[in-house]
Amino acid sequence: MADPIRVAVVGVGHLGRHHARLYAAAEDAELIGVVDRDGDRAAKIAAAYGCRVFPDVAALPGEVQAASVAVPTRYHREVAEPLLDAGLDVLIEKPLARDPAEAAAITRSAERASRLVMVGHTERFNPAVIALTAAVDTPRFFEIHRLSAFSARSTDIDVVLDLMIHDLDLLGMMDASAVVAVDAVGISALTDRVDIANARIRLASGCVANLTASRISTEPVRRVRVFQARTYLSCDTGRREVERYQLVRGDDGAPSIRHDHLPVQEGEPLANELAAFLEAVRTRRSPVDGKAGARAVELAHRVLATISESPPP
């Protein structure tokens, strides 16, 4: 095995602590240290996973090769650019940035420093989504629901950037054709930002996607439905199940519906994501590069712009 990649985690709150946990357990990574504005929290994580605490990004030692950025979205550029300038490859949790201008600035910094940026669109690494995308060929219609209970976490951004961004990214992954029309509605319910949103997106391929995201649901829903020629696919990314319904014809030509469950591999999506990042550091090829992350942010802002133009209910 090649030498472990020496890594750090910046931001060890709700998600970043799991980055630290998984790096500490990975054979091909060495967790050097963590950075967090909450010193007590950083000290607890460092003690749990056998690494050091550093007061800020500038204090990270030169031996660190790569870092996860898991701070709130509004700090992504502020944290990522110094890391890139210092010569580190960076994994930035979704969304890449809070707006297209900041996303473009981060990607320019990476190009200038000849460093790698990967965006943590974790759903790409969900085993159910991997099984689903392998079965998608010519999608004609997407119906995607992502609903979750309210949490004070991530209320610094709209639900479109918080939750729907996952599905905007999946849409671009499964149909890379240009977006030709966006129609969206949304409301603020518990915060001063959009908490519930629905977007209808039409692609140059002719495919249409209907996406709904809410962060004030009474129960979690994470379902992706794909309709294509003679096939309907239903993926529950929370339960990690994929069902397929296909129109088939018997020897006599009579049509019938065949139903089966696609095989789904075991694996924690975040662990898969970090493994892909470590591999990208070695190979210099990111499966979700900064440009892909920037495209998702740009589409999210097109959705938000349409919402702001919509008349109030």
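The values are calculated or read from the model by the stated rules, or taken from the named source; none is laboratory data. A quick note: this is a predicted structure, and the numbers were derived from the prediction, not measured. Neighbour counts run over all protein chains shown; Cβ positions are idealised from the backbone, glycine included.
Quick one: count up the residues across the stretch 40-99 that are more than 21 Å from residue 166 (Cα to Cα), assigned to a strand (DSSP E or B), of a type in the set (A, V, I, L, M) and free of Cβ contacts under 8 Å to residues at least 40 places away in the same chain.
As a first pass, look at the stretch 40-99 and keep what is more than 21 Å from residue 166 (Cα to Cα): 40-67, 78-79, 81-89.
Filter once more, keeping what is assigned to a strand (DSSP E or B): 52-54, 66-67, 89.
If we keep only those that are of a type in the set (A, V, I, L, M) as well, we get 53, 66-67.
Adding the requirement that they be free of Cβ contacts under 8 Å to residues at least 40 places away in the same chain leaves 53.
Result for the stretch 40-99: 1.
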_Give me the residue from the stretch 190-206 that is at pLDDT below 95 and exposed (fewer than 14 other Cβ atoms within 10 Å of the Cβ) and, out of that set, farthest from residue 157 (Cα to Cα)._
190
_Verdict on residue 236 being of a type in the set (Asp, Glu) and surrounded by 12 or more Cβ atoms within 10 Å (Cβ to Cβ)_ = yes
*The listed residue being touching a Gly at 6+ places or on another chain (Cβ under 8 Å) and more than 20 Å from residue 242 (Cα to Cα), out of 112, 52, 140*: 52
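Criterion first (acidic (Asp, Glu), outside the structural domain of residue 235 (by TED's automatic domain parsing) and in contact with a helix residue (DSSP H, G or I) (Cβ under 8 Å, 6 or more places away or on another chain)) does residue 111 satisfy it? Before the answer, list the steps.
Working: acidic (Asp, Glu): yes; outside the structural domain of residue 235 (by TED's automatic domain parsing): yes; in contact with a helix residue (DSSP H, G or I) (Cβ under 8 Å, 6 or more places away or on another chain): no.
Criteria not met by residue 111.
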*Test each condition in (1) closer than 30 Å to residue 114 by Cα; (2) in a helix (DSSP H, G or I) for residue 307 and report the one that comes out false.*
(1)
*asked:* Suppose the filter is part of a loop (DSSP other than H, G, I, E, B), under 15 Å from residue 120 (Cα atoms) and not acidic (Asp, Glu); does residue 37 pass it?
replied: no
*asked:* From the list 112, 6, 108, exactly one residue is farther than 27 Å from residue 155 by Cβ, of a type in the set (Lys, Arg) and outside any helix (DSSP H, G or I). Which is it?
replied: 6
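Answer with yes or no whether residue 14 is at pLDDT below 95 and assigned by TED's automatic domain parsing to the domain that holds residue 278.
On the way: at pLDDT below 95: yes; assigned by TED's automatic domain parsing to the domain that holds residue 278: yes.
The answer is yes for residue 14.
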*asked:* Give me the strands (runs of 3 or more DSSP E) completely within the stretch 164-263, filtered to those with at least 3 residues that are under 23 Å from residue 149 (Cβ atoms), ordered by residue number.
replied: 179-187, 196-203, 208-214, 221-228, 231-236
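Out of 255, 263, I need the residue that is of a type outside the set (Asp, Glu), on the phi < 0 side of the Ramachandran plot, at pLDDT below 95 and not assigned by TED's automatic domain parsing to the domain that holds residue 91. Which one?
Working: 263 fails: at pLDDT below 95.
None of the others qualify; the one that does is 255.
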*Would you point out the residue of the stretch 138-164, among those that are in contact with a strand residue (DSSP E or B) (Cβ under 7 Å, 6 or more places away or on another chain), surrounded by fewer than 21 Cβ atoms within 10 Å (Cβ to Cβ) and hydrophobic (A, V, I, L, M, F, W, C), that is nearest to residue 202 (Cα to Cα)?*
141
*asked:* Condition check: assigned by TED's automatic domain parsing to the domain that holds residue 108 and touching a Phe, Trp or Tyr at 6+ places or on another chain (Cβ under 6 Å). Does residue 33 satisfy that?
replied: yes
